[in-house]
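Below: the structure, in structure tokens.
Readers should treat all values here as calculations from the given coordinates under stated rules, not as data from a laboratory. Just so it is clear, the structure is predicted and the values come from calculations on it, not from any experiment. Backbone-built Cβ (ideal geometry, glycine too); neighbour counts: all protein chains shown.
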Amino acid sequence: MSEQQTIHLIVTRQDEPNGTPYQEEFKIPYRKNMNVISAMMEIQRNPVNAKGEKVAPVAWESNCLEEVCGACSMVINGRPRQACTALIDKLEQPIRIEPMKTFPVIRDLIVDRSRMFDALKRVKAWIPIDGTHDLGPGPRQPETERQWRYELSKCMTCGVCLEACPNVNSKSNFIGPFAVGQVQLFNSHPTGAMNKEERLGSLLDDGGLQECGNSQNCVQACPKGIPLTTAIAKTNREATKYMFRKWLSM
Amino acid sequence: MSTQRSFFNRRLHSLLGVIPVGFFLLEHLYTNWHATKGAKAFIEQVESIWSLPFLLLLEIFFIFLPLLYHGVYGLYVALQAKNNVGNFGTFRNYMFMLQRVTGVITLVFVAWHVWETRIQLAIYDFTAAELANHTHQLMQNPVTLTLYIIGVVAAVFHFSNGMWSFLVSWGITVGPRAQYISTWVWGVVFVLVSYLGISSLLAFANPEFMQQLAQR
């Protein structure tokens, strides 16, 4: 181990939102227990590519570094995932790092995930409580429901499920699997259930639930292990009832 | 209903794939399977179907129009997908891709098959025995026979895997265990129905198929 080990990175870069993507290779010194973020920090400290040219350091986003914020999503060796939990020792080299191109690329690995936040607004992923007066304690919820909701509440809007889904692309308007999980989260809350139909109705508009093609990549890719396909099938069942209820009462 | 049009269209696509298109596929392969018992059994089956009341209406509203809708809308759905089995080599992702591939194969196959059989029947006004002989003659061509076997297997796959998806899309199989069991159930259906389809094609191709009729 006298020779210095290096890490070989191939990064897909883009200088500006409308820029042409290009690949750049980096060879950085190996340290123990590195993750993709610390590799990026190493490039930031010494922004020299594999050819020895000084370049602009690679731009990326990250916050929590413990897989709860969802900011550092990128495609690492073909798989969309969080860069903070992508350990160098567990990755095959050369490590290929790309932005999640399902989203508009702002620069290098930074993408604009606004469409996800728009989707949350569309499906009303919150519990409206009007008035400033004391409404008293909310209804109790069964423990089994709480456990189910806890799993769904882990969603960090990271965008990995959209990147993994074959039906989320420029030809389709699918808002993405995560939104279905969030509708389940708020619809299964005893107070949130009061606006159940509204959320379900908005989820069945164009680009909604029906665009799911059951490839089940979302549940495989989700870094938080959210039971997205169960949430989708459960919502499908509710949508079936909703449809018949609506027809028969019109 | 106006804003939820795509939801409605998609659910209609899913429903028509089972009733009546899926049902018709099973009925059709069951009828053809009688060919394995000889031309006479097949002809009897065909004649009993031809004796149904409102046959033309049944054909138009229970076969042709649903099939056309399912095929055309399905093609639109298939072309929307951006397959990524290279990065996600999971079983379900392959099934997702194969569902779209077999759908397109089936659409092309069915169009060709309708031209070769149903439209020829309408043009020449075949009797059931002439229809049996016509099919027998078609299957003499090894290329036709091979393409028919591919088409039938694709259609049966599309039906079986489509039934798996149908149960998910209508919220019948919700949890992972239910969906896992459903995978096996429809896997077995795929094998059994493929056997029905292939064995009848081979029976039609048998050089002695029509002679059996003459002997009786």
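For A:A193 and B:S48, what is the calculated FRET efficiency with R₀ set at 56 Å and r taken between the beta-carbons, to the nearest 0.05?
Efficiency computed from Cβ-Cβ geometry: 0.55.
Using C-alpha positions alone, give me the convex hull volume of region A:99-149 per residue in cubic angstrom.
About 150 Å³ per residue, rounded to a whole number.
For A:R13, what residues show an amide H to amide H distance below 5 Å, using hydrogens built from the backbone and excluding near sequence neighbours?
Hits under the 5 Å cutoff: A:Y22, A:Q23, A:E24.
What percentages, rounded to whole numbers, describe P(r) for region A:126-250 computed over all alpha carbon pairs with 5 Å bin width beginning at zero?
P(r) for region A:126-250, in whole percents per bin: 2, 11, 19, 21, 19, 14, 8, 4, 2, 0.
What are the residues whose amide H is under 5 Å from the amide H of A:T6, where those residues sit 5 or more places off or on another chain and H is modelled from the backbone?
Counting only residues 5 or more places away or on other chains, the set is A:Y30.
Using modelled backbone amide H atoms (1.01 Å from N, in-plane), which distant-in-sequence or interchain residues come within less than 5 Å of A:S73's amide H?
Close amide H contacts, sequence-distant or interchain: A:A83.
Taking chain A as a Gaussian network, Cα atoms linked when under 10 Å apart, which of A:Q220, A:Q14, A:Q93 shows the biggest mean-square fluctuation?
Per the Cα network of chain A with a 10 Å cutoff, A:Q93 tops the list.
Taking chain A as the reference, fit the longest principal axis to its C-alpha atoms, fit the long axis of helix A:228-248 to the helix C-alpha atoms, and give the angle between the two in degrees, 0 to 90, nearest 10.
Around 30 degrees separate the two axes.
With θ set to phi - 60°, apply the Karplus curve 6.51 cos²θ - 1.76 cosθ + 1.60 along region A:12-25 and write out the HN-Hα couplings as whole Hz, x wherever there is a Gly or Pro.
With the stated coefficients, region A:12-25 comes to 7, 10, 7, 6, 8, x, 9, x, 8, x, 9, 9, 10, 9 Hz.
Can you compute 3J(HN,Hα) from phi for each residue in region B:70-77, using the Karplus curve 6.51 cos²θ - 1.76 cosθ + 1.60 with θ = phi - 60°, rounded to whole Hz and x for Gly and Pro?
Once θ is set to phi - 60°, the couplings for region B:70-77 become 4, x, 5, 5, x, 5, 4, 5 Hz.
What value does chain A have for Rg/Rh, both radii from Cα atoms and Rh as Kirkwood defines it?
Looking at chain A, the ratio lands at 1.06.
Mind checking the mean number of beta-carbon atoms from other chains within 10 Å of the Cβ atoms in B:91-103?
Numbers: counts 1, 7, 8, 1, 3, 8, 3, 0, 3, 2, 0, 0, 0.
Shielding by partners across B:91-103 averages 3.
Sort by residue number and report every cysteine in the protein assembly as shown with no other cysteine beta carbon within a distance under 4.7 Å.
A:C72, A:C84, A:C155, A:C158, A:C165, A:C212, A:C222
Counting pairs of alpha carbon atoms under 8 Å apart in space and at least six apart in sequence, what relative contact order in percent does region B:5-215 give?
Relative contact order, region B:5-215: 33 percent.
Need one number for chain B: average projected area of the convex hull over its C-alpha atoms, nm².
If you wrap the Cα atoms of chain B in a convex hull and average its projections, you get 14.2 nm².
Given the convex hull of the Cα atoms of region A:6-111, what is a quarter of its surface area in nm²?
Convex hull of Cα atoms, orientation-averaged projection: 6.2 nm².
Restricting things to alpha carbons, find the Rg to Rh ratio for the protein assembly as shown using the Kirkwood radius for Rh.
Taking Rh as the inverse mean 1/r over Cα pairs, Rg/Rh reads 1.09.
Can you give the FRET efficiency to the nearest 0.05 for B:N141 and A:K32, using r as the Cβ-Cβ distance and R₀ = 51 Å? It would help to have the intermediate numbers written out before the result.
Details: r = 68 Å, r/R0 = 1.33.
Calculated transfer efficiency: 0.15.
Hey, what do the phi angles of region A:50-63 turn into as Karplus ³J(HN,Hα) couplings, whole Hz, using 6.51/-1.76/1.60 and θ = phi - 60°, x for Gly and Pro?
Using θ = phi - 60°, the values come out as 5, 7, x, 8, 7, 10, 5, x, 5, 8, 8, 10, 6, 9 Hz.
Show which lysines lie in cross-link reach of A:K101 when reach means a straight Cα distance below 17 angstrom and same-chain residues fewer than eight apart are skipped.
A:K171, B:K82
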